[in-house]
1. Given the structure, is GLU32 outside any loop (DSSP other than H, G, I, E, B), assigned by TED's automatic domain parsing to the domain that holds ILE161, out of contact with any His (no Cβ under 6 Å at 6 or more places or on another chain) and among the acidic types (Asp, Glu)?
2. How about the stretch 261-282: which of its residues are part of a helix (DSSP H, G or I) and touching a residue at least 12 places away in the same chain (Cβ under 8 Å)?
3. Conditions: (1) in a helix (DSSP H, G or I); (2) modelled with pLDDT of 95 or more. ALA206 meets all but one. Number of the miss?
4. Could you tell me whether the stretch 227-240 includes any residue that is in the same structural domain as GLN210 (by TED's automatic domain parsing), surrounded by 17 or more Cβ atoms within 10 Å (Cβ to Cβ) and of a type in the set (Gly, Ala, Ser)?
5. With (1) out of contact with any Phe, Trp or Tyr (no Cβ under 6 Å at 6 or more places or on another chain); (2) over 30 Å from GLN118 (Cβ atoms) as the list, and PRO167 as the residue in question, which single condition is left unmet?
6. Restricted to the stretch 246-256, and to residues that are exposed (fewer than 15 other Cβ atoms within 10 Å of the Cβ) and part of a helix (DSSP H, G or I), which residue is modelled with the highest pLDDT?
Amino acid sequence: MQAALEQMRQRVASTGYIADQALLTSLWLMSELDRPLLLEGDAGVGKTEVGKILAEVFERRLIRLQCYEGLDVNTAVYEWNYQRQLLALRRQEILHENELSEQQLFSETYLMKRPLLQSISEKQPAVLLIDEIDRADEEFEAYLLEVLSDFQISIPELGTIKASSIPLVVLTSNGTRELSDALRRRCLYHYIDYPDYDKELRIVLARLPQAGANLAAQIVAFVQKLREQDLRKLPGVAETLEWTGALLRLDMKSLGDSPEAVVATLGCLLKTREDLDAMPPEVIHRLVAKAS
């Protein structure tokens with residue numbers, strides 16, 4: 001097992017993603033047990049990225065389903081291509097061809113596969129990323145339980161379509177609503193928290209090595225201090241990387257070189273008016289001094 005985990009660590013690290021031992025173990029177990037993995041944590045901590053790197057690590061196709069309120073079967077599972085069906089009927093009428101039967105009209109020829117059906121129809125196993133499942137309605141969550149249990153989908157006109165392959169499934173949740181116990185029981189679970197200083201520094205240097213050790217250390221120290229403030233939305237790793245990229249475009253070598261530039265680019269880290277108002281220039285300058 002240790003050898004397998006070490007191999008997993010190396011493969012994940014090669015993608016530039018920094019994962020701790022608990023997450024590496026969860027990724028290895030989900031691939032060994034064919035169990036979905038539920039990732040919870042605040043927005044921006046790297047949950048969605050796990051699905052992407054998983055596809056890269058296992059060299060599989062990534063199929064993503066972005067959840068939202070009102071998500072329905074037509075968007076998530078399948079939909080009939082009514083336009084093609086009507087064109088086929090019109091062609092039959094014009095050319096006086098044999099009448100199309102209902103079975104012909106509702107065949108896979110006219111079936112538009114959406115992410116869930118697509119993921120189980122792949123000849124080679126894919127990675128299915130169900131992003132922000134907590135934003136979907138409870139009714140859709142209940143439907144998802146059946147799919148994750150049996151990896152088959154029932155279509156009234158066609159019957160039951162069984163999986164050609166079992167995808168690796170990653171579900172993410174920002175905790176906007178409580179998920180059902182039934183869904184949690186079907187999944188392995190891992191919580192991704194904001195990284196500590198050492199881990200975040202490694203992430204920045206892995207993703208943006210051109211930042212250099214000095215600037216990267218100051219950026220991470222500043223963001224860590226910023227997360228200690230009373231903010232509505234704390235900046236995640238995604239925001240740290242975005243801000244680092246912005247400072248590099250400004251040719252910054254040190255935060256102390258231009259505290260004004262730090263204030264001007266704060267919109268990379270803080271995403272609400274309330275949070276920007278809560279961090280006036282004098283507070284930012286003080287945080288820059290502590291980070292430099």
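1. yes
2. Pass one, the stretch 261-282, residues part of a helix (DSSP H, G or I): 261-264, 266-268, 273-278, 281-282.
Within the stretch 261-282, ALA261, VAL262, VAL263, LEU266, CYS268, GLU274, ASP275, ALA278, PRO281 meet the criteria.
3. Status for ALA206: all satisfied but (2).
4. Filtering the stretch 227-240 for residues in the same structural domain as GLN210 (by TED's automatic domain parsing) gives 227-240.
Cutting the leftovers down to surrounded by 17 or more Cβ atoms within 10 Å (Cβ to Cβ) gives us 231, 234-237, 239-240.
Narrowing further to those that are of a type in the set (Gly, Ala, Ser): 236.
Yes, the stretch 227-240 contains a residue that is in the same structural domain as GLN210 (by TED's automatic domain parsing), surrounded by 17 or more Cβ atoms within 10 Å (Cβ to Cβ) and of a type in the set (Gly, Ala, Ser).
5. (2)
6. Residue satisfying both the conditions and the ranking: ARG249.
The values are calculated or read from the model by the stated rules, or taken from the named source; none is laboratory data. Because the structure is predicted, anything quoted here is derived from the model rather than measured. Cβ: placed from backbone, ideal geometry, glycine included. Neighbour counts: every protein chain shown.
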